[in-house]
Amino acid sequence: NMNYTDMKHIHVSPGTERLFCNKNTLKQACAYMGYKDFTNEPEYEEIALERIHEALLVHETLHCIYTNTRYSVGNKTTLSPVQQKIGHMIGNIIEDRFIENIVSTDGFKGFGENILFLNAMLYFDKQEKCAGKEEPDPEKPENKINAFLSYAAEKLTCPMSTAEMPESIKPELEKAMPIFFSAAADRKCENRLYNAPLEILKIISPWLEE
């Protein structure tokens, strides 16, 4: 992922995924947003790239303002390296939804449409790439973890998602998703990056021990 901040510097590489070149993805994103389809314009790639760039830049800037990484559960040395890694990923999912909540509530609303447009492109691009692919073995712990994180990330950042909970991990998701959403609405960074991830880690802890 070439789009990130270390809270001192922001790095965005809007062309990394080449989303702006995918006409099908752009058409679907435009339709979802209610925009006029601009993919027949000669400069359609430049238009898409500009929107992606602004969305990424605003998103990472808001992390610099609101995210305090010292609270990250990934820094908790009493956890195993695997727990730290998965806990950090859980915290990132929560924090990304929190940032997108902020865009629509704290005076940044003008930027929200481009972020939603980017999320729509990412979602429809993923749908296109995954179409027809065989699902990984749901009984393997690593696949359960990946499916769990993927579902949570999609549901928290892609309101257009129609994904249903995978049956193999449905009990865990039913317990965890309310925690994800509640934490993403919490103004306390410690709850988003530390307390909630710890709570969710407890739910999936059997997978981390297999």
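The values are calculated or read from the model by the stated rules, or taken from the named source; none is laboratory data. A quick note: this is a predicted structure, and the numbers were derived from the prediction, not measured. Here Cβ is always computed from backbone atoms with ideal geometry, including for glycine, and neighbour counts include all displayed protein chains. Heavy atoms of the whole protein, side chains included, go into the accessibility calculation; ligands, DNA and RNA do not. Shrake-Rupley method; radii C 1.70, N 1.55, O 1.52, S 1.80 Å.
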Among residues of segment 18-35, those that are open to solvent by 50 Å² or more (accessible area, probe 1.4 Å) and out of contact with any helix residue (DSSP H, G or I) (no Cβ under 7 Å at 6 or more places or on another chain), counted:
6
Please work out if I47 is among the hydrophobic types (A, V, I, L, M, F, W, C), assigned to a helix (DSSP H, G or I) and under 18 Å from the mean Cα position of the chain (by Cα).
no
Condition met for D186 (more than 22 Å from E100 (Cα to Cα) and either in a loop (DSSP other than H, G, I, E, B) or touching a helix residue (DSSP H, G or I) at 6+ places or on another chain (Cβ under 6 Å) (or both))
no
If the Cβ limit is 7 Å and pairs must be 6+ apart or interchain, which residue in segment 70-88 that is closer than 19 Å to A152 by Cα and without any contact (Cβ under 8 Å) to a residue 12 or more places away in the chain pairs with which residue that is surrounded by 14 or more Cβ atoms within 10 Å (Cβ to Cβ) and among the basic types (K, R)?
Q84/K76
Go through segment 89-130 and report how many residues are crowded, with 21+ Cβ neighbours inside 10 Å, modelled with pLDDT under 90 and among the small types (G, A, S).
0
Does any residue of segment 13-21 turn out to be out of contact with any Cys (no Cβ under 6 Å at 6 or more places or on another chain), within 13 Å of N119 (Cα to Cα), modelled with pLDDT of 90 or more and not small (G, A, S)?
no
Any residue in segment 131-152 that is at pLDDT below 90, touching a Leu at 6+ places or on another chain (Cβ under 9 Å) and over 25 Å from R187 (Cβ atoms)?
yes
Taking segment 36-82 as the search range and keeping residues that are basic (K, R) and at pLDDT 90 or above, which one is surrounded by the fewest Cβ atoms within 10 Å (Cβ to Cβ)?
K36
Give the number of residues within segment 152-172 that are open to solvent by less than 30 Å² (accessible area, probe 1.4 Å) and in contact with a Pro (Cβ under 8 Å, 6 or more places away or on another chain).
1
